[in-house]
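Each remark here refers to the structure printed beneath this line.
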Amino acid sequence: MRRPTIGLLGDRRTASFGAWSDVELCFVWQHYVDAVAVAGGAAVTFPPDTWLESDPGSVLDLVDGLLLTGGRDIDARIYGAEPHELNELGDAGRDRVELALARAALDRAVPILGICRGMQLLNIARGGGIEQHLDDPGSAHRAEPGAFVPHDVSAEAGSTVASILGQDPVEVRSHHHQGLGTLGAGLAVGARSPDGLVEAIEGVDPDAFCVAVLWHPEEDLEGGGLALYRALVEAATVRAARAGDVEVGSSS
């Protein structure tokens, strides 16, 4: 039986390699692909083609679950704000496509796991807001470029996150300067860091797996990170089994 498929949207970047300079590429970081594979799933990457904004179902018809990955800051104009001066220049086209994809996945109850930027995007999809630059005097959430900061998070009692990671504090890896503003409709807080920052959110519908975290669990698969990816793959396996495509338990 096949592995459940997990869709990821690619990021457009310009790169130079070999004999080529300033070539536009569409890619996802390999650590997301590896995390999905270790968890028992099969990652399927899609380009952020503009036509998908009006037809996100074309992607969702092909996958059993959706991974909203990390990446550059979301264009603030998409959620009705002016960009903060410290925001990273992103890709508004990808933002619009991925937002349409997230909304369609929510409507279809496709299992969703959001990572960092993906958590912010999920909140926007539900009408929530973004805190564009956090007051982080101790550099608890982002330190030097290219490095992940370890810190603890604690799951909310009775949350889906608690059922995955347990109730005791868990060390995670973060690299972000933004957080959530107003919480979107149909979402609940799943975990917080010691400074009170919302570190995880989840859907309130018990019949639809929807979890998003502000940290990067793929950076700690030997610790608690793998459990989140396994939870996504397990939910995707159940959804695929209902459609008659895979057997429950075949992803383990």
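No value in this document is a laboratory result; all are computed from the given coordinates. Computed from a predicted structure; not experimentally measured. Note that we place each Cβ from the backbone using ideal geometry, even for glycine, and neighbour counts take in every protein chain shown.
Quick notes
- Distance between the pseudo-spin-label points of H133 and A19 (7 Å out from Cα toward the beta carbon): 4.5 nm.
- Residues C26, C116 arranged by fewest to most Cβ contacts within 10 Å: C26, C116
- Dipole size of segment 5-242 about its Cα centre, with +1 on Lys/Arg Cβ and -1 on Asp/Glu Cβ: approximately 520 debye, rounded to the nearest 20.
- Cβ-based charge dipole, the chain, positive-most Cα from V63, W29, G225: V63
- DSSP assigns beta bridges within the chain; of those with both partners inside it, close to 60 percent run antiparallel.
- Ordering M1, M119 by the number of other Cβ atoms within 10 Å of each residue's own Cβ, fewest first, gives M1, M119.
- With a Förster radius of 22 Å applied to the C-beta separation of Q30 and A243, the computed FRET efficiency comes to 0.15.
- In this structure the amide hydrogen of T182, modeled in the peptide plane, comes within under 5 Å of the amide hydrogens of G129, I130, none closer than 5 places in sequence on its chain.
- Among 9-17, 149-157, 101-109, the order from most to least packed when residues are scored by Cβ within 10 Å on average: 101-109, 149-157, 9-17
- Centroid-to-centroid separation of segment 1-53 and segment 165-206 [C-alpha atoms, Å]: 25 Å
- Positive contributions from Lys and Arg (+1) and negative ones from Asp and Glu (-1), summed over other residues with Cβ under 11 Å from the Cβ of L52, come out at -2.
- Each peptide among 42-54, 162-174 gets the average number of other Cβ atoms lying within 10 Å of its residues, and from highest to lowest they stand as 162-174, 42-54.
- Net charge, Y229 excluded, C-beta distance under 12 Å - Lys, Arg +1, Asp, Glu -1: -4
- Correct option for percent of Cα pairs over 33 Å apart [calculated from the coordinates] among (1) 35; (2) 18; (3) 13: (3)
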